[in-house]
1. Helix by helix through the chain, keep the DSSP H runs that span 18 Å or more along the axis on Cα and average at least 0.5 on Kyte-Doolittle, and give those back in order.
2. If you plug each phi of region 221-232 into the Karplus form 6.51 cos²θ - 1.76 cosθ + 1.60 with θ = phi - 60°, what whole-Hz ³J(HN,Hα) values come out, in order, with x for Gly and Pro?
3. Find, among the chymotrypsin sites (Phe, Trp or Tyr not before Pro) in region 206-310, those assigned to loop by DSSP (not H, G, I, E, B) with at most 15 other beta-carbon atoms within 10 angstrom.
4. Taking neighbour counts of Cβ atoms within 10 Å as a proxy for exposure, in what order, fewest first, do L353, L147, L239, L54 appear?
5. Please go through region 11-112 and write out the trypsin sites (Lys or Arg not before Pro) that DSSP classes as loop and that have at most 16 other C-beta atoms within 10 Å.
6. Test of the criteria: in region 307-336, which trypsin sites (Lys or Arg not before Pro) are in a DSSP loop and have at most 15 other Cβ atoms within 10 angstrom of their Cβ?
7. At 0.36 nm per residue, and after removing the present C-alpha to C-alpha distance, how many nm does the segment from A53 to S267 gain when stretched out fully?
8. Compute, for region 37-256, the length of the dipole vector about the Cα centre, with Cβ point charges of +1 (Lys, Arg) and -1 (Asp, Glu) only. Units Debye, rounded to 20.
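The numbers here are math on the coordinates, done by the rules we state, and not lab data. Predicted model only: the values in this text are computed from it and were never measured. Cβ placement follows ideal geometry from the backbone for every residue including glycine, while neighbour counts extend to all protein chains displayed.
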Amino acid sequence: MIGGHGGNIYQLAQQLECRPSEISDMSANVNPLGPMPALIEHLKGGISSAIAALPEVDAGGIVDAFSRFYGIDPRQVMAGNGTTELIYLIPRALGVKKALVVGPTYSDYRDACAMNRVACDHLICREQDDFVPDMQAIRKEAATADLVFLCNPNNPTGALVNRPHIEALCRSLPGTVFVIDESYLPFAPVPADATMIGSDLPNVMVLNSMSKAFRIPGLRIGFVKAPEPLMQPLAPFALPWSVNSLAQAAVQWLMDHPEQVEPFLSSTRHMIETEKGRIEEYIHQKTEARCFPSATSFILIRLPDGLNAPTVWRQMADNRILIRDCSNFSGLSGAFIRISLKTEAENRRATDLLVRLFRTPAGEEGRHAG
Ligand SMILES: Cc1ncc(COP(=O)(O)O)c(C=O)c1O
């Protein structure tokens, strides 16, 4: 559904009477170093022929390329118009009756259930555990669910669960399907420690988005990998040409150039770790706000007492910085914001402004009235 997402940069640009490019968009969780210049050059070179013909109807070429890249069987992979298409497809195609969403998390899992008339419960992780999922609690709650959505690392908390814990959980409930959304895993310090993409467990589906790691959300391309018995029910729902020509050209290039992609992702991880450390330290030293430990490229922040997210959002927006007000995440409230890391200069400007707002004495600008 359209409504559950964060900041709309086009709307804000209209309000501020500026161009979207003049706004620092810290609400979108995309790679601050992307897109890769070599990828852009490649797409520019082939744009005339790419848009003048239909793309491959089932995106078979990039399914093969993706499978080769990850060393998996192409019969276990399907491409979609972003992972969004797949999130909405899975509960419907599998005929799910009851789902469990481990939250607070991305709202489209809940919305996909609502759209497909699937009953959906949330298991909200505890703030005092830094929102790290309690695997025992999930096991208990998931016992009555056909399907569980688990985002790893999670949006918006940044919490990460390593593979042995996920495997143990999935093995313990063989009758439940686990959809593990790894859209933000390429930003984690060691993605290999957590990924389930190589898992051969019969009840695990993995979502992999190209939007975030490669900063190509405008192209709309993502994948699901699952064992064949779980893939078969998806096939009759596949839409022809759902992955456009430019998206297919981009994935083909990315999967064919591991020698450029791997160093790009590794410099991304390095940059993110450095920036995250600096920002968390700065906010911690100067303010009462609390940054939750994040394994990915964004940070969830609990505002100091008395401040609220819509007000902080407005003040940042007036300075042409778009952050995520987390009020509309089930399990969070107006006490939380999320910032997604950008270039060092943008991060410094935003954190200086946030620190100033967080230190504003009670009753002044940025505080609750009364
Ligand atoms: C956790 C998560 N999964 C999936 C998506 C959808 O990404 P896309 O459809 O671009 O692959 C998003 C988008 O913000 C997200 O935050």
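1. Values: long enough: 37-52 (23 Å, 0.74); 258-286 (41 Å, -1.13); 344-358 (20 Å, -0.41).
Within the chain the helices that satisfy the rule are 37-52.
2. 8, x, 10, 10, 10, 7, x, 3, x, 8, 6, 3
3. Values: sites: F214, F223, F237, W241, W253, F264, Y282, F298; in loops: F214, W241.
Qualifying residues, ordered by number: W241.
4. Values: L353 17, L147 24, L239 12, L54 9.
Arranged by neighbour count, lowest to highest, L353, L147, L239, L54 become L54, L239, L353, L147.
5. Values: sites: K44, R68, R75, R92, K97, K98, R110; in loops: K97.
For trypsin sites (Lys or Arg not before Pro) across region 11-112 that sit outside H, G, I, E and B with at most 16 neighbouring Cβ atoms in 10 Å, the list reads K97.
6. Working: sites: R314, R320, R324; in loops: R320.
Those that pass, being in a loop and sparsely packed, are R320.
7. Details: separation 214, 0.36 × 214 = 77.04 nm, distance 3.56 nm.
Taking 0.36 nm per residue and subtracting the Cα distance, the gain is 73.5 nm.
8. Numbers: 17 positive and 22 negative charges, 60 e Å.
So the magnitude is around 280 debye.
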